[in-house]
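Single-structure report; data block below.
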Amino acid sequence: MNSRDTAASRRQLLKWLAASPLLAFPGLAGLAAQTSPRVPQARPDPMIWAPGDLQDLITTPADAINVFDFEPVARKNVPPAHFGYMASGIDDEVTLRANREGFLKFQLRPRRLVDVSKVDMSTNILGVRYDTPIVVAPIGGHRAYHSGGEEAVARNGGRNQETLFRLQRTDTRNCSACHDRGNLEATYRTRPMYEGVDLSGLSNIQSSALTWETIKRIRDTTRMKVVIKGILAHEDAELAVKAGVDGIVVSNHGARSEDSGRSTIDALPEIVERVGGRMPILIDSGFRRGTDIAKALCMGATAVCVGRPYIWGLGAFGQPGVERVLDLLRTELFATMQQVGAPSIKHLVPAMVRRA
């Protein structure tokens, strides 16, 4: 029997074993996977980014080793429908996963023998100096995750949200006790962001008829800074510059608005190139690590907005949880800047990152 026949016979044997109880023997399943044809597996649940043992949950914010430690605690504390609303993307949630997996396409290039005994993480955003380039992304309905709501965080078109819909079915509470869903006006009346706002006759809070002319009218109407969130193509970045806006956020809204499969970190380079330094560029969607933040800053982002992680912290422990999440991200960014040899934000340059 030649080597080709031997290999074929071995594969046939392993296929047979794969269907037998013998696979309970440790290691045999892995051996079969290495030698037999790959079988498509179900996509992993978003919770794959959480700690592996969901029974061993942290009990205080200080116990957290990274931001992922907060997610399963929030999952335990927060009502299923509320957690599902926060955790879900849309449709197949391809973009939700792409936002995380996109960072694996880029590698940092550490430099040595640079004095990083002092690291300055401060940066200027729209004329204001901040201690770090880490921004708390705007998220509505904080009280759905903790009674402290927005205050706890501040002290420091239709969507097919399948994960939300599945978890809603397991929520046995009578939601009408807290939510009046009779009409859109009633739905938004109790939300803090609409306090004092006349919602009479409200029928829709979204518009598919907005154009760049709308943005220009807004720009001409107010002296406030105008920042557009949701830019994913260099063409739109160029139009934003022409419309006179003050800044943009490269964002797919945490994969909650479209399921294109493209991560924001993938979209960033072409946008940075087209903007050419004419306005600050912020970015969000999928940022969980200091290395993620450093990669975006090296590639030209002015700052990074973080959303779900601080909601995990809020849902897990309230204000102390939010503070710990932000502290962990700052600590990781500080350490990453030391590793790549960047004593300040301005030293995070494109040469420090490459596409894998």
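The values are calculated or read from the model by the stated rules, or taken from the named source; none is laboratory data. None of these values were measured; they are calculated from a predicted model. Using ideal geometry, Cβ is built from the backbone for each residue, glycine included, and neighbour counts are taken over all protein chains shown. All accessible areas refer to the heavy atoms of the entire protein, side chains included, with ligands and DNA or RNA removed. Shrake-Rupley method; radii C 1.70, N 1.55, O 1.52, S 1.80 Å.
Could you tell me what percent of the accessible area of the stretch 63-170 is made up of carbon and sulfur, with a 1.4 Å probe and every protein chain present? Spell out each step's value before the answer.
Working: 2920 of 5790 Å².
On the stretch 63-170, the fraction of accessible area on carbon and sulfur atoms equals 51 percent.
Applying 1/(1 + (r/R0)^6) with R0 = 56 Å to the Cβ-Cβ distance of THR172 and SER117, what FRET efficiency is obtained, to the nearest 0.05?
Numbers: r = 56 Å, r/R0 = 1.00.
Efficiency, rounded to the nearest 0.05: 0.50.
How far apart, in nm, are two points set 7 Å out from the Cα along the Cα-to-Cβ line at ASP92 and at ARG355?
According to this spin-label approximation, the distance is 2.2 nm.
Whenever you get a sec, line up LEU199, LEU268 from highest to lowest accessible area (probe 1.4 Å, protein heavy atoms). Don't skip to the answer; put the middle values down first.
Working: LEU199 20, LEU268 0 Å².
Sorted by accessible area, descending: LEU199, LEU268.
Here are some pairs, LYS295/LYS346; LYS225/LYS295; LYS105/LYS229; which of them have Cα atoms lying more than 19 Å apart in this structure?
Values: LYS295/LYS346 13 Å; LYS225/LYS295 26 Å; LYS105/LYS229 24 Å.
Pairs exceeding 19 Å: LYS225/LYS295; LYS105/LYS229.
Report the label-to-label distance for SER344 and PHE165 in nanometres (one decimal), using points 7 Å from each Cα along the Cα→Cβ vector.
If labels sit at SER344 and PHE165, their model points lie 5.2 nm apart.
Under a straight-distance cross-link criterion of Cα-Cα below 20 Å, which aspartates and glutamates are reachable from LYS118, leaving out those fewer than 8 residues away in the same chain?
Partners within reach: ASP131, ASP327, GLU332.
Can you give me the accessible area per residue for the stretch 89-164, using a 1.4 Å probe, in Å²?
Working: 4330 Å² over 76 residues.
Ligands and nucleic acids excluded, the figure is 57 Å² per residue.
Can you give the FRET efficiency to the nearest 0.05 for ASP246 and PHE334, using r as the Cβ-Cβ distance and R₀ = 25 Å? Each step should come with its number before you reach the end.
Details: r = 28 Å, r/R0 = 1.14.
Given R0 = 25 Å and the Cβ-Cβ separation, E is 0.30.
Run the quick spin-label model on TYR130 and SER208: label points 7 Å from Cα toward the beta carbon, then report their separation in nm to one decimal.
Using points 7 Å along Cα→Cβ, the separation is 3.4 nm.
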